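In what follows, a single structure is set out as structure tokens and then discussed.
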Amino acid sequence: MEPVRTLSQMVSRLRLSNKRRRVAVVCPNDPHTEYVIIRSLREEIAEYLLVTDEEHIDISKSLYAASPDFVRIYTAPTPDDAAALAVELVRSGEADVLMKGLINTDNLLRAVLHKERGLLPPGGILSHVAVAQIPLYHKLLFFSDAAVIPKPTLEQFRAMIVNDIKICNRLGMEEPRVALIHCSEKVNAKFPHTICYTELKKEALEGKMGKVYIDGPMDAKTACDAHSGEIKGMSSPVIGNADIMIFPNIESGNTFYKTLSLFGDANMAGMLTGTIAPVVVPSRSDSGNSKYYSLVLACLAGK
């Protein structure tokens, strides 16, 4: 299987599967979410379980009227009740993907992370993966964590990498290249994440993460620009050719995300990982296109 290298190729890969994914949407009451639903229905990649509070039922009814064979409506008294119901639809197998509409992320995550009725397995680690299509880079670039884990521990770094590798494998990347990001190439006890990086590389060499190349610490430019590595006298399969970048903390990951989308003219997508089914939790500032590609990513990751 050829690796997917653009966001449009993700859509083509999903359409080739000839299987609509069932998506539970919590409070589909905003224009961007409506856009995602209408576009994906038109492209025949999804069917919907719209879970809305009673105040906004008319919006869901209009979406149902446009495509009654592939839209079902569920109502709940409040947005929090809608979130709990949507999570239960995923848990029961009636839906394959959970997607956030016009509801606060904190409210949705309370339902997702509920100990008895949520989507995170016991002992599981929730993380976030973003994917960017950047005009000046030759393929899609995945990175974690821009949204969930403030300062990862070794265990959390490991979970992030394993989850991101699985998604890359789904997209045809048999041996993803993972760059462990830092401001320099030196391991330094003053920066505890660089000590974690050493252990992660050791585990990768021992085959504990499957077929993967992992290298670091290195800066983001070295990870994506081979000439920078040559100047520094560095050489590995990762340098200049990273598929995945792992950031040391949420500040750096989130700044990278926002900088790419604002100044880098990148198209972006993202989803939560570690749950029993993919969860799409777009930012309020994300474009309709970004939310659409996030849904496509989740549909591919969860098949």
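Summary of computed values
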{"read-out": "Kirkwood-Stokes translational diffusion coefficient of the chain, alpha-carbon pairs, 25 °C, 0.890 mPa s, µm²/s", "value": "124 µm²/s"}
{"read-out": "D (Stokes-Einstein, µm²/s), Kirkwood Cα radius, segment 127-263, 1.002 mPa s at 20 °C", "value": "146 µm²/s"}
{"read-out": "Segment 127-263, relative contact order in percent, only Cα pairs under 8 angstrom and at least six apart counted", "value": "34 percent"}
{"read-out": "Loop sites in segment 76-183: GluC sites (Glu not before Pro), DSSP, at most 14 other Cβ within 10 Å", "value": "94, 116, 174"}
{"read-out": "Net charge of Cβ neighbours under 13 Å - reference residue 228; Lys, Arg +1; Asp, Glu -1", "value": "-2"}
{"read-out": "Rounded tilt (10° steps) of 288-301 against the dominant C-alpha axis of the chain", "value": "80 degrees"}
{"read-out": "Cα centroid of segment 10-41 to Cα centroid of segment 247-279, whole Å", "value": "20 Å"}
{"read-out": "Share antiparallel - DSSP beta bridges, segment 127-263, percent rounded to 5", "value": "25 percent"}
{"read-out": "Alpha carbon Rg of segment 149-225, scaled by the compact-globule rule 2.2 N^0.38 Å", "value": "1.07"}
{"read-out": "Pairwise label distance in nanometres, residue 66 with residue 78, each label 7 Å out on the Cα-Cβ vector", "value": "3.0 nm"}
{"read-out": "All aspartates and glutamates inside 16 Å of residue 211 as judged from Cα atoms, apart from same-chain residues fewer than 8 positions distant", "value": "164, 174, 175, 203, 243"}
{"read-out": "Antiparallel DSSP beta bridges within the chain, as percent of all bridges there, nearest 5", "value": "30 percent"}
{"read-out": "Over segment 8-91, volume per residue of the alpha carbon convex hull, in Å³", "value": "91 Å³"}
{"read-out": "Proximal lysines relative to residue 115, as straight alpha-carbon distance under 24 Å, when same-chain residues fewer than 8 apart are discounted", "value": "100, 151"}
{"read-out": "Calculated [θ] (222 nm, deg cm²/dmol) that DSSP helices of n ≥ 4 give over the chain, each run adding -39,500 (n - 2.57)", "value": "-12500 deg cm²/dmol"}
{"read-out": "Sparse-neighbourhood loop sites, trypsin sites (Lys or Arg not before Pro) in segment 148-218 - DSSP loop, at most 11 other Cβ within 10 angstrom", "value": "186, 190"}
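Each reported figure results from applying straightforward, stated rules to the coordinates on display, with no laboratory input. Predicted model only: the values in this text are computed from it and were never measured. Every residue, glycine as well, gets a Cβ built from its backbone with ideal geometry; the counts of neighbours run over all protein chains shown.
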